[in-house]
1. Consider residue 49 carefully, then state whether it is assigned to a helix (DSSP H, G or I), over 23 Å from residue 101 (Cβ atoms) and open to solvent by less than 50 Å² (accessible area, probe 1.4 Å).
2. Going by the structure shown, is residue 113 open to solvent by less than 30 Å² (accessible area, probe 1.4 Å), out of contact with any Leu (no Cβ under 6 Å at 6 or more places or on another chain), of a type outside the set (D, E, K, R) and farther than 25 Å from residue 132 by Cα?
3. Within region 307-317, is there a residue that is among the aliphatic types (A, V, I, L, M), crowded, with 21+ Cβ neighbours inside 10 Å, under 21 Å from the mean Cα position of the chain (by Cα) and within 23 Å of residue 172 (Cβ to Cβ)?
4. Is there any pair with a first residue in region 181-204 that is farther than 11 Å from residue 76 by Cα and open to solvent by less than 30 Å² (accessible area, probe 1.4 Å) and a second that is part of a helix (DSSP H, G or I) and aromatic (Phe, Trp, Tyr) whose Cβ atoms are under 7 Å apart and which are 6 or more apart or on different chains, and what are they?
5. Check region 125-139 and report whether any residue there is under 30 Å from residue 265 (Cβ atoms) and open to solvent by 20 Å² or more (accessible area, probe 1.4 Å).
6. Given (1) of a type in the set (A, V, I, L, M); (2) open to solvent by 10 Å² or more (accessible area, probe 1.4 Å); (3) under 24 Å from residue 168 (Cα atoms), identify the lone condition not met by residue 366.
7. Show the residue pairs that are 6+ apart or on different chains and have beta-carbon atoms under 9 Å apart, the first residue being within region 264-276 and more than 12 Å from residue 154 (Cα to Cα), the second being outside any helix (DSSP H, G or I) and among the charged types (D, E, K, R).
Amino acid sequence: MNVILSKSALENVSKHKYSGIDDSILAKLVLQKYWNFCLRFVPLNIAPNLITLTGTITILLSFFIVGYYSPYLEGALPRWVYAMSGLTLFFYQTMDNLDGKQARRTGSSSPLGQLFDHGCDSIVCTLQSLIVASVASYGVGYISLIQLFTTALLPFWMATWEEYHTGVLHLGPINGPDEGIVIIVCALLSTAIFGNGFWTFKPFVATSPILPSIIQQVLPQFIQQLMVNEIIVASLSFPCLITCFFNVKHVVQHLQSKQKPILPALKHILVWVIITASSFIWYYTSTNLLPLSSIWFNNIRTVQFSIGIIFGELVSRLILAHMCHEKYNIIQAPLYPLILSTLCSSINYYIGKEVIPEYLLLILFATTSFVHYSLFVKSTISQLCSYLNIKCFTISKKH
């Protein structure tokens, strides 16, 4: 769907200046030095957005390769696939930090660069979540959904939401884009070396040598059956929720200092609530009605990727609204395919039979999400390039 930016919105975009703070300990001690070293090998005529796109395409290729070997997010993969997934993620992180440095070095920084960079990042969140789900053998159960929405999409949405209200993107001393990615890279490379059996190991089971038998005897059965991958996802959810708490705290403090109402700002969190609740309801109704043929079992990567596309557009629209100094509506067009799909699945569930064919629903959902996002990207880039008198993937001569 095309987005028509008003003249005042475009004027505000042209005046926009990105403000970001990265307090990452690892970045300050190690990564910044590595990124500055890599920047020396980037030619001055390479556009920053081209660097961003290169990193994103690399993750996309990794996503398809991993998906070829693990369509249902489980099973052992060739060792080289684990290594490739780790190296491509590290390469993506490098490109994601070189683009901004290249923009400042060449004097080609622009609001379009920020939107393009963070828009790609929002898509990569879902792609990388599915890659990790395959490597760690999550399978088609709830665990991949919990990881996607709690440890990937929620922190990204809250950080962007905080930036929308405060004007600053603030990354803490230990954050996902820096320490988080390095930890995932190490986990992926370790899997390449030692295999993926570790992820499905049950450390609390009665026969496990890790805990004394007297402790194992008092543990509830469901805890004894927990696998390492489930424990890790649950453990990572807590620091993500703590980070989100500080996002809310920063926004509240900022609004109070400006004597602005708080409730309208908090309502924007409902966007994540809607997309998450709809996805879980769709998953529940579909898998309970069709335990053998649900699209959430047979096509889980397609469904989650399509949801990620919707999330990517919603995030990009929030960033654009921040640049344009415009209000951000809670219910927007990108949400319609997901809400309608959930409604159709719920109708099937309550009737007790597949009145609306699931595969037709999947085709319509995936196609609509992709086409809608593609039109949004094309329209937005075209308008910004025209008004700012720049090109997306080349550096203008004036720079």
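1. Against the criterion (assigned to a helix (DSSP H, G or I), over 23 Å from residue 101 (Cβ atoms) and open to solvent by less than 50 Å² (accessible area, probe 1.4 Å)), residue 49 does not qualify.
2. Against the criterion (open to solvent by less than 30 Å² (accessible area, probe 1.4 Å), out of contact with any Leu (no Cβ under 6 Å at 6 or more places or on another chain), of a type outside the set (D, E, K, R) and farther than 25 Å from residue 132 by Cα), residue 113 qualifies.
3. Checking region 307-317: at least one residue is among the aliphatic types (A, V, I, L, M), crowded, with 21+ Cβ neighbours inside 10 Å, under 21 Å from the mean Cα position of the chain (by Cα) and within 23 Å of residue 172 (Cβ to Cβ).
4. Note: pairs meeting the criteria are 185/90; 188/82.
5. Looking through region 125-139, at least one residue is under 30 Å from residue 265 (Cβ atoms) and open to solvent by 20 Å² or more (accessible area, probe 1.4 Å).
6. (3)
7. Taking only residues 6 or more apart or on different chains, the pairs are 264/327.
Here is a yes/no grid of residues against (1) in a helix (DSSP H, G or I); (2) of a type in the set (Val, Ile, Thr); (3) within 22 Å of residue 150 (Cα to Cα); (4) out of contact with any helix residue (DSSP H, G or I) (no Cβ under 9 Å at 6 or more places or on another chain):
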position	(1), (2), (3), (4)
266	yes, no, yes, no
271	yes, yes, yes, no
307	yes, yes, yes, no
315	yes, yes, yes, no
328	no, no, no, no
338	yes, no, yes, no
349	yes, no, no, no
353	no, no, no, no
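The values are calculated or read from the model by the stated rules, or taken from the named source; none is laboratory data. This is a predicted model, so every value here is computed, not measured. Reconstructed Cβ throughout: ideal geometry from the backbone, glycine too, with neighbour counts over all protein chains shown. What goes into the accessible areas is simple: the full protein's heavy atoms, side chains included, and nothing from ligands, DNA or RNA. Shrake-Rupley method; radii C 1.70, N 1.55, O 1.52, S 1.80 Å.
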